[in-house]
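Here the structure is laid out as structure tokens; the discussion comes afterwards.
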Amino acid sequence: MLKKGFVTSLALALLCVACAPKYTPLEQAVIDHVQAQVGPESRLSLRQISLADSLTYGQLLQQRIKAFEVKYKQDEKFLAKAVAKNNRGKIDRFDDAMKKDVYILEALRKMDLGGLADAVVCYDMVFSGKAERDDVTTVFDAYYAAVSPDGKVLSLQPGQKGLHKGFGKFLPGYQDILKDAGYNALSGEEEAED
């Protein structure tokens with residue numbers, strides 16, 4: 001025969017398990033990643049975690065095009081200043097940069113993603129909470145994580161701005177375009193700001 005106290009304890013334990021939050025695979029990926037960052041000995045508690053947005057390959061391509069359009073305009077302004085100061089080194093540098101910008105823009109505008117255009121590159125998750133360890137508390141207020149469809153955290157930072165920086169590498173053929181333009185695709189020097 002079971003004792004009354006044991007039955008009550010068992011009922012409470014089952015109730016706690018039933019009430020425990022259930023996370024989607026994307027949410028769990030973020031939680032696991034953050035827990036790994038703060039250390040397994042830290043107690044992580046979230047106030048909120050949710051899906052904020054998603055990014056498709058087509059949207060990523062448009063972001064890259066826009067970023068290089070902005071870069072071209074900036075290089076054009078820098079070239080004009082260099083010409084006004086008759087600075088031959090900077091004139092050559094910005095003239096070269098503008099040629100590369102044009103090459104990349106033309107190649108990106110011709111890029112055909114086919115059926116991949118609507119496929120998701122990543123899901124943007126927003127979360128708030130804190131991690132506590134000993135006397136140290138780390139607060140996460142409106143942090144964002146970009147998570148691949150297979151649950152890999154690709155980027156994590158406070159705020160959404162720049163969350164997809166460097167994501168051009170996920171576009172098929174993008175690295176080759178950069179290489180053909182004369183950039184060292186692995187160095188990251190080609191990345192126009194999002």
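Values quoted throughout were computed directly from the atomic coordinates according to the rules given, and no laboratory measurement underlies them. The model shown is predicted, which means the values in this text are computed figures rather than measured ones. Here the Cβ positions follow ideal geometry from the backbone for every residue, glycine too, while neighbour counts run over all protein chains shown.
Expected output is a single nm value to one decimal: the length gained when fully extending between ASP112 and VAL139, i.e. 0.36 nm times separation in residues minus the C-alpha distance. What is it?
Once the chain is fully extended between ASP112 and VAL139, it gains 5.5 nm.
Over all distinct alpha-carbon pairs, what is the Kirkwood Rh of the stretch 20-181 in angstrom?
Final number for the Kirkwood radius of the stretch 20-181 is 18.3 Å.
Got a sec? Which residues in the stretch 34-59 would a label at VAL120 touch, if it sits 7 Å along Cα→Cβ and we count backbone N under 17 Å?
49-59
In whole Hz, with x marking every Gly and Pro, tabulate ³J(HN,Hα) for the stretch 109-125 from phi via Karplus 6.51 cos²θ - 1.76 cosθ + 1.60, θ = phi - 60°.
3J(HN,Hα) across the stretch 109-125, in whole Hz: 5, 8, 4, 10, 8, x, x, 6, 4, 9, 6, 7, 7, 7, 10, 9, 10.
Once you place label points 7 Å from the Cα toward the Cβ at PHE170 and GLN35, how far apart are they in nm?
2.4
State which entries of LYS90/LYS179; LYS152/LYS179; LYS85/LYS179 exceed 25 angstrom in Cα-Cα distance in the structure shown.
Violating the 25 Å limit, Cα to Cα: LYS152/LYS179; LYS85/LYS179.
Do you know the relative contact order of the stretch 56-156, to the nearest whole percent, from alpha carbon pairs under 8 angstrom that are 6+ apart?
Relative contact order for the stretch 56-156 comes out at 26 percent.
Between ARG43 and GLN28, what is the spin-label point distance in nm, taking each point 7 Å from the Cα along the Cα→C-beta axis?
So the label points at ARG43 and GLN28 sit 2.4 nm apart.
Return the long-range amide H neighbours of CYS122 (sequence gap of 5 or more, or a different chain), with a cut-off of under 5 Å between placed amide H atoms.
Under 5 Å from the amide H of CYS122: LEU55.
What number comes out for the charge environment of LEU156, summing +1 per Lys or Arg and -1 per Asp or Glu over other residues with Cβ under 14 Å away?
Combined, the nearby Lys, Arg, Asp and Glu give -1.
P(r) of the stretch 55-114 in 5 Å steps, Cα pairs, percent per bin?
In order of increasing distance, the bins hold 4, 19, 24, 18, 13, 9, 7, 4, 2, 0 percent.
Calculate the FRET efficiency for ASP150 and ARG88 from the Cβ-Cβ distance with a Förster distance of 45 Å, rounded to the nearest 0.05.
The calculated FRET efficiency here is 0.35.
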